[in-house]
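K.L.:
Structure incoming, see below.
The values are calculated or read from the model by the stated rules, or taken from the named source; none is laboratory data. All values reported here derive from a predicted model rather than from experimental measurement. Using ideal geometry, Cβ is built from the backbone for each residue, glycine included, and neighbour counts are taken over all protein chains shown. SASA here: full protein model, heavy atoms, side chains in, ligands and nucleic acids out. Shrake-Rupley method; radii C 1.70, N 1.55, O 1.52, S 1.80 Å.
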Amino acid sequence: MTYSERLKKLPVQFFATLVQKVNSAIAEGRDIINLGQGNPDQPTPAHIVKALQVAAEDAQTHKYSPFRGLEELKEAAAQFYHKQYGVEVDPKTEVAILFGTKAGLVELPMCLLNDGELMLLPDPGYPDYLSGAVLANVNYKTFPLTKDNQFLPDYESISLEQRTHAKLMYLNYPNNPTGATADHAFFEKTVSFAKENNITVLHDFAYGAIGFDRQKPISFLETEGAKEVGIEMYTLSKTYNMAGWRVGFAIGNPAIIEALNLIQDHLYVSLFPAVQKAAIAALTGEQSCVEELIERYERRRNSLIGACNKIGWKVEPPTGSFFAWLPVPAGFKSESFADYLLEKADVAVAAGKGFGEYGEGYIRVGLLVDEDRLIEAIERIGKLGIFT
Ligand SMILES: Cc1ncc(COP(=O)(O)O)c(C=O)c1O
């Protein structure tokens, strides 16, 4: 069997190696504290599970869904955006239902770009953005996210060549992996940059619910003119601990939404209707479960940062997402430090390099275990004596 060139070009799953290493350490009977993953640890709120149960009992949900999903789910998404962000969207033309946003992120370059055309991606960034570029057979260039610029892109430093040729750009705030958030001024700059250079913007709002210190993350669509230049993708995976359910949506510019719907007409027949009903329950129901979740992550963040301070590790607290982006001490690279922590402290973390060149010098820690385990992880690292 020979595989297509397209398939052969897919990037190596950097984190597959980490998972293997962690699993073999666990198999040896070691008590590994795994801070390397991005999988929410809490269950889906009970009222959402109940909505799925009820819907699954209804034989109507056993049939094919309408091609582009349930109108009520699109209406629920539109209502949610209105309530949460004061943004008006037409549920009929400005919402597309996605099999999780990962699917949408991978589909979008195929929808908008021809072979060899250029897209711009953040470095460090969510690795699956690269998969979308490769599957669509388009070129990509990355722009650096550095601490000096609060992990936001510096549009001035994007070359004339790149701005002229790029057709699509991905952004993600609250950011995976850096935990940074964006402000209104940044999104205003983004709209101007996109208009001046005729670049479509995809804002990945995966961690849209998770902002700390009572700073609610901003939707890109709140910015004047945003809908003219792009869309946002919102997943239920993080907000409602529904990562396994595979449900999200794209929202914004109607022409881009139509393109996503069109490609999906050929790929799927939308999601299991009972999952869509549960998603409606999530978006339209009581949101106190989300507030509790944010408080939980914030307590964990505070414990982690407090523990780092105690051992003399100078770190910046994340302002959003459920990740902390911690600098690697002198004498280590991100991968060698991650290996060292697994080997010597039984603590698994994600090496920054796995998110791109500019991830070098950092490790990513997930706030996805309880506070006592987070503190214990940092205490174990403290005992190695590298920060004193
Ligand atoms: C930045 C970012 N975007 C998108 C996703 C995909 O989320 P889902 O496919 O579950 O909607 C993730 C998941 O980890 C993520 O971290």
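K.L.:
Quick one: would you say residue 342 is more than 21 Å from the chain's Cα centre (by Cα), surrounded by fewer than 22 Cβ atoms within 10 Å (Cβ to Cβ), assigned to a helix (DSSP H, G or I) and not polar (S, T, N, Q)?
P.N.:
Criteria met by residue 342.
K.L.:
If you go through the stretch 101-124 one residue at a time, do you hit one that is acidic (Asp, Glu), crowded, with 16+ Cβ neighbours inside 10 Å and under 19 Å from the mean Cα position of the chain (by Cα)?
P.N.:
yes
K.L.:
Going through the stretch 215-257 one residue at a time, which ones are under 22 Å from residue 90 (Cβ atoms), in contact with a strand residue (DSSP E or B) (Cβ under 8 Å, 6 or more places away or on another chain) and assigned to a helix (DSSP H, G or I)?
P.N.:
Selection gives 220, 221, 226, 227, 229, 236, 256, 257.
Yes/no per residue for (1) of a type in the set (Asp, Glu); (2) out of contact with any helix residue (DSSP H, G or I) (no Cβ under 9 Å at 6 or more places or on another chain):
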residue	(1), (2)
271	no, no
276	no, no
280	no, no
283	no, no
291	yes, yes
310	no, no
315	no, no
320	no, yes
326	no, no
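K.L.:
Which one of 220, 205 is open to solvent by less than 10 Å² (accessible area, probe 1.4 Å), more than 11 Å from the ligand (Cβ to nearest atom) and within 15 Å of the chain's Cα centre (by Cα)?
P.N.:
220
K.L.:
Please state which of the following conditions residue 61 fails to meet, knowing it meets all the rest: (1) of a type in the set (Ser, Thr, Tyr); (2) closer than 30 Å to residue 286 by Cβ; (3) out of contact with any Pro (no Cβ under 8 Å at 6 or more places or on another chain).
P.N.:
If we test residue 61 against (1) of a type in the set (Ser, Thr, Tyr); (2) closer than 30 Å to residue 286 by Cβ; (3) out of contact with any Pro (no Cβ under 8 Å at 6 or more places or on another chain), just (3) comes out false.
Let's see how each residue does on (1) surrounded by 20 or more Cβ atoms within 10 Å (Cβ to Cβ); (2) within 30 Å of residue 376 (Cα to Cα); (3) of a type in the set (A, V, I, L, M); (4) without any contact (Cβ under 8 Å) to a residue 24 or more places away in the chain:
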residue	(1), (2), (3), (4)
2	no, no, no, yes
11	no, no, no, no
41	no, yes, no, no
49	no, no, yes, no
79	no, no, no, no
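K.L.:
Within the stretch 51-62, can one find any residue that is at pLDDT 95 or above and within 30 Å of residue 170 (Cα to Cα)?
P.N.:
no
K.L.:
What number of residues within the stretch 1-50 are among the hydroxyl-bearing types (Ser, Thr, Tyr) and in contact with a strand residue (DSSP E or B) (Cβ under 9 Å, 6 or more places away or on another chain)?
P.N.:
Residues in the stretch 1-50 being among the hydroxyl-bearing types (Ser, Thr, Tyr) and in contact with a strand residue (DSSP E or B) (Cβ under 9 Å, 6 or more places away or on another chain): 0 in total.
K.L.:
Something else about it: Here is a check on your reading of the model: is residue 168 among the aliphatic types (A, V, I, L, M), open to solvent by 10 Å² or more (accessible area, probe 1.4 Å) and in contact with a Leu (Cβ under 7 Å, 6 or more places away or on another chain)? Quick ask: steps written out before the conclusion?
P.N.:
On the way: among the aliphatic types (A, V, I, L, M): yes; open to solvent by 10 Å² or more (accessible area, probe 1.4 Å): no; in contact with a Leu (Cβ under 7 Å, 6 or more places away or on another chain): yes.
The answer is no for residue 168.
K.L.:
Select from the stretch 145-165 the residues that are over 14 Å from residue 119 (Cα atoms), in contact with a strand residue (DSSP E or B) (Cβ under 8 Å, 6 or more places away or on another chain) and either surrounded by fewer than 18 Cβ atoms within 10 Å (Cβ to Cβ) or at pLDDT below 95 (or both) and list them in ascending order.
P.N.:
154, 157
K.L.:
How many of the residues in the stretch 149-195 are free of Cβ contacts under 8 Å to residues at least 12 places away in the same chain and among the charged types (D, E, K, R)?
P.N.:
The total comes to 3.
K.L.:
Related question: In the stretch 235-254, is there at least one residue being more than 15 Å from the ligand (Cβ to nearest atom), within 22 Å of residue 173 (Cα to Cα) and crowded, with 24+ Cβ neighbours inside 10 Å?
P.N.:
yes
K.L.:
Scan (1) part of a loop (DSSP other than H, G, I, E, B); (2) under 23 Å from residue 125 (Cβ atoms); (3) out of contact with any helix residue (DSSP H, G or I) (no Cβ under 9 Å at 6 or more places or on another chain) for the single condition residue 330 breaks and write down its number.
P.N.:
Of everything listed in (1) part of a loop (DSSP other than H, G, I, E, B); (2) under 23 Å from residue 125 (Cβ atoms); (3) out of contact with any helix residue (DSSP H, G or I) (no Cβ under 9 Å at 6 or more places or on another chain), residue 330 misses just condition (2).
K.L.:
All but one of (1) within 19 Å of residue 358 (Cβ to Cβ); (2) open to solvent by 30 Å² or more (accessible area, probe 1.4 Å); (3) assigned to a helix (DSSP H, G or I) hold for residue 188, so report the exception by its number.
P.N.:
All conditions are met except number (1).
K.L.:
Can you tell me which residue within the stretch 265-289, out of those that are part of a loop (DSSP other than H, G, I, E, B) and not polar (S, T, N, Q), is nearest to residue 315 (Cα to Cα)?
P.N.:
Within the stretch 265-289, the match that is nearest to residue 315 (Cα to Cα) is 286.
A quick yes/no check of all residues on (1) within 16 Å of the ligand (Cβ to nearest atom); (2) outside any loop (DSSP other than H, G, I, E, B); (3) under 30 Å from residue 143 (Cα atoms):
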residue	(1), (2), (3)
291	no, yes, no
295	no, yes, no
318	yes, no, yes
354	yes, yes, yes
379	no, yes, no
382	no, yes, no
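K.L.:
List the number of the failed condition for residue 211; all other conditions in (1) within 29 Å of residue 185 (Cβ to Cβ); (2) crowded, with 23+ Cβ neighbours inside 10 Å; (3) within 16 Å of the ligand (Cβ to nearest atom) hold.
P.N.:
(2)
K.L.:
Moving on. Give 241, 172 a once-over and let me know the one that is closer than 16 Å to residue 319 by Cβ and at pLDDT 95 or above.
P.N.:
Checking each option against the conditions leaves just 172.
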